[in-house]
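The values are calculated or read from the model by the stated rules, or taken from the named source; none is laboratory data. All values reported here derive from a predicted model rather than from experimental measurement. Neighbour counts run over all protein chains shown; Cβ positions are idealised from the backbone, glycine included.
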Number of protein chains: 2
Amino acid sequence: MLLSKSCVYGLRASLYLAAREQGEFVPIRKMSDKLEISFHFLTKILQQLTAEGILESFKGPNGGIRLKRTGSDVQLLDIVLAIDGSQLLTECALGLPGCGLKNPCPLHDKWAETRDSIHEMLEKTNLTELVHKGKAENLRLTTEGGFDILFDD
Amino acid sequence: MLLSKSCVYGLRASLYLAAREQGEFVPIRKMSDKLEISFHFLTKILQQLTAEGILESFKGPNGGIRLKRTGSDVQLLDIVLAIDGSQLLTECALGLPGCGLKNPCPLHDKWAETRDSIHEMLEKTNLTELVHKGKAENLRLTTEGGFDILFDD
DNA sequence: GTATTTTAAGATAAAAGGGTCTCATAAACT
DNA sequence: AGTTTATGAGACCCTTTTATCTTAAAATAC
């Protein structure tokens, strides 16, 4: 799998938040229900994103989670790096430690090229962009149902 | 991780075989020593590749494993598909089942493009090509040491 | 035919990732 | 102040992957 499950859940949750109003704090329980993710597991993932300054939380009644920056200011790469780290974008395709320009494996050059295209895609795509697309075409963010079902409270 | 460890080991082993003389059967024990892979684990992986018709084995004294086809006739994709399956090249970046043209997620289009570039790289690269490069530049196939150390018996 | 060298196949064990549960802490409302 | 609603942090279990160990089977050489 390219991205870990934690990372995928983090992306889905971030997209969900970006699709809601900016200032609104959304309870994790609500998010876990809507996105069909285990509450406690999602909590852990959101904690990571909060620690990285991508999200912010508010305790107490009417508390919850929201984006710290605007959705257009959060690239997919930010979330991937926060959860999975840079491994995917730096590691050797043959799993050799320290494979780089100075000590490469036979596949290094070709793989570096491919890897860069992944990097570029993640770096140039922001949350708002995907939310717009999702809303316009009613694309799904969960196993079944469209984008709209996320919002009928 | 992009490729499973089994798959990475399978690739390294296949490159090793492609670098040796075509007709020669190489004992698994020798390969596991040279490539620093657990003997029994490597055995299992090679069995998969043998079952897929990429390698062939010969039992008894002077037996071992060799490529069934020529190295230039084996693409990296063949090995990846044999061990990891098509998952990497078909799955949704957001982990949604059945994400495709008819029921996509917001990231589908962008990811499909990136995924295709991985597919293309694996499909257009063959073993002999990498062996040539490895020999010419003495690139490593193991944690330390160059290409040449694989061949002093 | 028997010993030897090899692959083949299965059970088993260790490690990592994914997921759940419980308790503690913080903040807001009454 | 106390209750409620929420996050935060930890221990814990389950499943998959990775790795090891043991035994069986095949084929060659003698």
**Request:** All but one of (1) in contact (Cβ under 8 Å) with a residue 40 or more places away in the chain; (2) within 16 Å of DNA strand C (Cβ to nearest atom) hold for B:Thr70, so report the exception by its number.
**Result:** (2)
**Message:** Tell me yes or no: at least one residue of segment B:119-136 is farther than 18 Å from B:Leu15 by Cβ and not acidic (Asp, Glu).
**Reply:** yes
**Request:** Kindly indicate whether any position in segment A:86-93 is in contact with a Cys (Cβ under 8 Å, 6 or more places away or on another chain) and either at pLDDT 95 or above or closer than 25 Å to A:Val131 by Cα (or both).
**Result:** no
**Message:** Based on this model, can you work out whether B:Gly64 counts as surrounded by 18 or more Cβ atoms within 10 Å (Cβ to Cβ), within 14 Å of chain A (Cβ to nearest Cβ) and not aliphatic (A, V, I, L, M)?
**Reply:** no
**Request:** Mind counting the residues in segment A:4-40 that are touching a helix residue (DSSP H, G or I) at 6+ places or on another chain (Cβ under 7 Å) and either among the polar types (S, T, N, Q) or part of a helix (DSSP H, G or I) (or both)?
**Result:** 21
**Request:** Would you tally the residues in segment A:1-23 being surrounded by fewer than 18 Cβ atoms within 10 Å (Cβ to Cβ) and within 16 Å of A:Thr50 (Cβ to Cβ)?
**Result:** 1
**Request:** Taking B:Ile118 as meeting all but one of (1) at the interface with chain A (Cβ under 8 Å from one of its Cβ atoms); (2) of a type in the set (Val, Ile, Thr); (3) over 30 Å from A:His132 (Cβ atoms), write down the number of the exception.
**Result:** (3)
**Request:** For segment A:46-63, enumerate the residues that are near DNA strand C (Cβ under 7 Å from one of its atoms) and within 18 Å of A:Arg12 (Cβ to Cβ).
**Result:** none
**Request:** Would you tally the residues in segment A:7-34 being within 12 Å of DNA strand C (Cβ to nearest atom) and within 11 Å of another protein chain (Cβ to nearest Cβ)?
**Result:** 5
**Any chance A:Thr125 is facing chain B (nearest Cβ under 7 Å), within 16 Å of B:Leu94 (Cα to Cα) and either surrounded by fewer than 16 Cβ atoms within 10 Å (Cβ to Cβ) or out of contact with any Asp or Glu (no Cβ under 6 Å at 6 or more places or on another chain) (or both)** = yes
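Using the structure shown, decide if B:Gly53 is more than 10 Å from chain A (Cβ to nearest Cβ) and touching a Pro at 6+ places or on another chain (Cβ under 8 Å).
Numbers: more than 10 Å from chain A (Cβ to nearest Cβ): yes; touching a Pro at 6+ places or on another chain (Cβ under 8 Å): no.
The answer is no for B:Gly53.
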**Message:** For segment B:24-46, give me each residue that is buried (at least 21 other Cβ atoms within 10 Å of the Cβ) and farther than 20 Å from B:Phe147 by Cα.
**Reply:** B:Ile45, B:Leu46
**Fill in**
Scanning segment A:47-57 for residues that are within 6 Å of DNA strand D (Cβ to nearest atom) and surrounded by 15 or more Cβ atoms within 10 Å (Cβ to Cβ) gives A:Thr50, A:Ser57
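Checking the structure you have, find out if any residue of segment B:77-89 is assigned to a loop (DSSP other than H, G, I, E, B), away from DNA strand D (no atom under 12 Å from the Cβ) and without any contact (Cβ under 8 Å) to a residue 12 or more places away in the chain.
Within segment B:77-89, the subset assigned to a loop (DSSP other than H, G, I, E, B) is B:85-86.
Narrowing further to those that are away from DNA strand D (no atom under 12 Å from the Cβ): B:86.
Going one step further and asking which of them are without any contact (Cβ under 8 Å) to a residue 12 or more places away in the chain, we end up with B:86.
Within segment B:77-89, one or more residues are assigned to a loop (DSSP other than H, G, I, E, B), away from DNA strand D (no atom under 12 Å from the Cβ) and without any contact (Cβ under 8 Å) to a residue 12 or more places away in the chain.
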